[in-house]
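Okay, so here's the structure we're looking at.
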Amino acid sequence: MKKTMIGLMKEAPVKGDYVLRTDLPVPEIGDDEVLIKVHCTAICGTDLHIMEWDSWSEKHVKAPLIPGHETAGDIVAVGKNVKDRKVGDRVSCESHIACGHCWFCQHDMAQICANMRLFGCNVDGAFAEYAKIDAASTFLLADDLSYEAACMFEPMGADIHGVEAAEVEGKVVLVSGCGPIGLTAVSGSKTLGAKMVIACDLFDDKLEIARQMGADYVFNSGKVDLPEEVRKLTGGMGADAAIDVTGAGPAIISSIRSVRPAGRVVGVGLPGKPVALDLANDLFYREVELTGISGRKIWQTWEDFAKVMSGPYYKLEQVMGGRYALKDFDKALADIRGGAPGKMLVYPNEADM
Ligand SMILES: NC(=O)c1ccc[n+]([C@@H]2O[C@H](COP(=O)([O-])OP(=O)(O)OC[C@H]3O[C@@H](n4cnc5c(N)ncnc54)[C@H](O)[C@@H]3O)[C@@H](O)[C@H]2O)c1
Ligand SMILES: [Zn+2]
Ligand SMILES: [Zn+2]
């Protein structure tokens, strides 16, 4: 077993890009942990925030840190208390490392654990050849699931959690926003039993992809009156549920107005600022429920997402971007900053891609 490895470091709690290091110690695992040989790790918007050292990072990130939290690889060592994982297991990782004993963990809400640790944010992550994590935070991969697909559980899972919260089975579901996460909600709603999926975005090319990923009807909400179009499709009633994946105030309000009385609206997209709502008219008189989700239900969302990935609507190639050796992280970053679409993956154990 080697003693050192290559990896990226966020070296100090100030603005600055990650630095490539060739001399990092291979992590030593505790009794409840596993060591993973990383196959690939996806780059997240959060990584860009950490480099910027924004106010979120100031609160949630510790540096020095090995970042990277959307990963998949092979277990190469297990701690002495670990019973249900073994060397050779292929796994992905839940980045929200829950404590297991707080009130929320005890009530099946580990995704909002009161003592949450964040893989690749306040504990070392997976932009490196090896990463360690609690065995309880690993998800076993089916043989036919690629490492690349497995890296999507974490970033796209919030959306499947949104689909779960909308209880889509047998329902007419509106999905607002057809970015990579919204597209996952479209295919997720369809695979998990929605009767009809209506998708909207401001860009026609995104709507075309939504159609390929299971949307029955698509609307450019910049060009039509969306609540009116939804009512036309539903005999005047409105949708049973709506999932907002835009985080945009006007889209959230339009989702609320597109659901029927006693319908449910689930927020997945995160508004960057407060959104003013007409609570009396849009929610209370109509008894519309408005809720939101954070992260993934552990492990319900992962199991549901695995079904969606192996179903007929999910198209990995539509959410995937470029692939890079870890040492070429700067190139990946330049592509992201230049507007290249899709999730970028880095491969720490490959010299070249
Ligand atoms: N709740 C969570 O735990 C969680 C986790 C991960 C991501 N998110 C959030 O999910 C959201 C979506 O992520 P993404 O990567 O797909 O983002 P994205 O920016 O690629 O997609 C957003 C889409 O919404 C569309 N849009 C914007 N305004 C609109 C409007 N008024 N009407 C219709 N469409 C509109 C955009 O054209 C775009 O296609 C982000 O807000 C992100 O912060 C939440
Ligand atoms: Zn992420
Ligand atoms: Zn907890």
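All of the numbers you see were taken from the coordinates with simple rules; none came from a lab. What you are looking at is a predicted structure, and each value in this text was computed from that prediction instead of being measured. Using ideal geometry, Cβ is built from the backbone for each residue, glycine included, and neighbour counts are taken over all protein chains shown.
Computed about the Cα centre, the dipole magnitude for the chain is approximately 120 debye when only Lys and Arg (+1) and Asp and Glu (-1) carry charge, each at its Cβ. Summing Lys and Arg as +1 and Asp and Glu as -1 over all other residues whose Cβ lies under 15 Å from the Cβ of Gly236 gives a net charge of +1. For segment 1-128, the square roots a ≥ b ≥ c of the C-alpha gyration tensor eigenvalues yield an a/c of 1.5 or more together with a/b not exceeding b/c, which makes the shape oblate.
In whole percent, what relative contact order does the chain give with Cα contacts below 8 Å and a gap of six or more residues? Can you show the working numbers first?
On the way: 817 pairs, mean separation 55.8, N = 353.
Taking the mean separation of contacting Cα pairs over the length of the chain, I get 16 percent.
By the rule of a C-alpha distance below 26 Å, with chain neighbours fewer than 8 residues away ignored, the lysines paired with Lys206 are Lys171, Lys190, Lys195, Lys223, Lys232, Lys273, Lys307, Lys315, Lys331, Lys343.
Ranked by the mean number of other Cβ atoms within 10 Å of their residues, highest first, the peptides 68-75, 274-281 come out as 68-75, 274-281. Net charge in the neighbourhood of Val123 (other residues with Cβ under 10 Å of its Cβ; Lys, Arg +1, Asp, Glu -1) is +1.
Find out how many positive minus negative residues lie around Met5, taking Lys and Arg as positive, Asp and Glu as negative, among other residues whose Cβ is under 15 Å from that of Met5. After counting each charged neighbour, the total is 0.
Going highest first, how would you order 35-48, 141-154 by mean Cβ packing within 10 Å? Before the final figure, lay out the partial values.
Details: 35-48: 22.4, 141-154: 19.1.
Listed from highest to lowest mean packing, they are 35-48, 141-154.
Within segment 247-353, the GluC sites (Glu not before Pro) that combine a DSSP coil assignment with at most 11 other C-beta atoms in a 10 angstrom radius are Glu287. Shown here: segment 158-292, whose C-alpha atoms stretch 38, 32, 29 Å along the first, second and third principal axes, sorted largest to smallest.
Please report, in debye to the nearest 20, how large the charge dipole of segment 1-142 is about its Cα centre when each Lys and Arg carries +1 at its beta carbon and each Asp and Glu carries -1 there. Present the calculation step by step, with values, prior to reporting the outcome.
Working: 15 positive and 20 negative charges, 66 e Å.
Approximately 320 debye in magnitude.
Entry for the chain at q = 0.08 Å⁻¹: log10 I(q)/I(0) = -0.40, Debye formula applied to identical alpha-carbon scatterers, no solvent contribution.
Does segment 30-77 classify as rounded, prolate or oblate by the C-alpha gyration tensor (a ≥ b ≥ c root eigenvalues; a/c under 1.5 gives rounded; else a/b over b/c gives prolate, otherwise oblate)? Working shown, then result.
On the way: a/c = 3.63, a/b = 1.79, b/c = 2.03.
Taking the square roots of the gyration eigenvalues as a ≥ b ≥ c, segment 30-77 is oblate.
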